[in-house]
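The values are calculated or read from the model by the stated rules, or taken from the named source; none is laboratory data. As the structure is a prediction and not an experimental result, all values here were calculated from the model. Glycine gets a Cβ as well: all are built from the backbone with ideal geometry, and neighbour counts include every protein chain shown.
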């Protein structure tokens, strides 16, 4: 006896149309091939000199690489770009987290591009001490500036560098200048560990503050304020205008207690709102006044020469450190001595002497 046919209900599933692949396999193959093709040093240099931002980004990535195989190529790119560098105004901007650095830099950058200047922003993002990762979200914060043809934003991870200046920021400045950017803005993490690094690679140092922050940062305030060429009280809008003006008066009084600068410049305090753009043109005017003064008294060129000498010694120190930790025999000996130090079998100073003697013996 034949089995009765199953009765279809209104809930049965009809055979549908197969969905196409969400990603084109041809596109994946094309992108993979492009990634495998690495441009030569000369091709990168040619692109940079033509103002190609893609070539600039690839060159900075090459320079930031910790792969020893990339070092020679990176140095070749830097050396070829060097004759076309040193023609920009370098401005360092710092401030505690939450002061509105990214918002200020976007408003400031848009003002400069409206005046016909080409602006490169080297934004340093803090790295996690646990995961060693960084969000690198400055392009997201500066959504208007990133779309500007005359602007370039490059976020970099601070790594283990104190003060929040990436290890290769100095080289990135040279590449940006060779690419035709006449104003370089360096944004630091701004946690007050050591702002000396950024101060030693810029011509003008701007400190962002907010009113009503109290004295919880008193321990770092003096050191940073002594380096500042201009203090800007940000977020001077709405109900905060009165407090910002009061803070301006207080900081002006404090600045007169600091020793005179070698540049002959008397630091000033001003207020602004990165949201309403009030005070942004005045900030740029103050910066221009500084450059007019320091170029007239030749401090500008003297300061640049001193910075070059400083970065010679810093580069030597960095290279020695990199070479030391990259040697396998040193790495093996380091692990042995670490365990001995942890077990109190040897002092850290003796262990360091053993490692250094091993390093310099070859």
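Descriptive notes on the structure:
- As for the range 41-56, it holds no residue that is modelled with pLDDT under 90 and either assigned by TED's automatic domain parsing to the domain that holds residue 186 or under 23 Å from residue 177 (Cα atoms) (or both).
- Of all the listed residues (319, 336, 307), the sole one being assigned to a helix (DSSP H, G or I), surrounded by 12 or more Cβ atoms within 10 Å (Cβ to Cβ), at pLDDT below 90 and on the phi < 0 side of the Ramachandran plot is 307.
Residues are listed down the side, and each one gets a yes or a no for (1) part of a helix (DSSP H, G or I); (2) under 21 Å from residue 100 (Cα atoms); (3) in contact with a helix residue (DSSP H, G or I) (Cβ under 7 Å, 6 or more places away or on another chain); (4) outside the structural domain of residue 172 (by TED's automatic domain parsing):
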{"residue": "245", "(1), (2), (3), (4)": "yes, yes, no, no"}
{"residue": "250", "(1), (2), (3), (4)": "yes, yes, no, no"}
{"residue": "257", "(1), (2), (3), (4)": "no, no, no, no"}
{"residue": "273", "(1), (2), (3), (4)": "no, yes, no, no"}
{"residue": "283", "(1), (2), (3), (4)": "yes, yes, yes, no"}
{"residue": "293", "(1), (2), (3), (4)": "yes, no, no, no"}
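- For the range 322-333, filtered to residues that are surrounded by 14 or more Cβ atoms within 10 Å (Cβ to Cβ) and modelled with pLDDT of 90 or more, the residue that is farthest from residue 264 (Cα to Cα) is 333.
- Matching residues, the range 117-147, being out of contact with any strand residue (DSSP E or B) (no Cβ under 6 Å at 6 or more places or on another chain) and at pLDDT 95 or above: 118
- Screening residue 289 against (1) in contact with a helix residue (DSSP H, G or I) (Cβ under 7 Å, 6 or more places away or on another chain); (2) in a helix (DSSP H, G or I); (3) within 23 Å of residue 183 (Cα to Cα) leaves a single unmet condition, (1).
- Condition met for residue 241 (outside any loop (DSSP other than H, G, I, E, B), in the same structural domain as residue 108 (by TED's automatic domain parsing), over 18 Å from residue 299 (Cβ atoms) and modelled with pLDDT of 90 or more): no
- Considering the range 295-304, the residues that are touching a helix residue (DSSP H, G or I) at 6+ places or on another chain (Cβ under 9 Å) and within 15 Å of residue 88 (Cβ to Cβ) include one that is surrounded by the most Cβ atoms within 10 Å (Cβ to Cβ), namely 300.
- Checklist (1) modelled with pLDDT of 95 or more; (2) over 21 Å from residue 107 (Cα atoms); (3) crowded, with 17+ Cβ neighbours inside 10 Å applied to residue 292, failing item: (3)
- When restricted to residues that are surrounded by 14 or more Cβ atoms within 10 Å (Cβ to Cβ) and part of a loop (DSSP other than H, G, I, E, B), the range 62-79 contains 1.
- Any hit, the range 341-355, residues being in contact (Cβ under 8 Å) with a residue 24 or more places away in the chain and either part of a helix (DSSP H, G or I) or within 30 Å of residue 145 (Cβ to Cβ) (or both): yes
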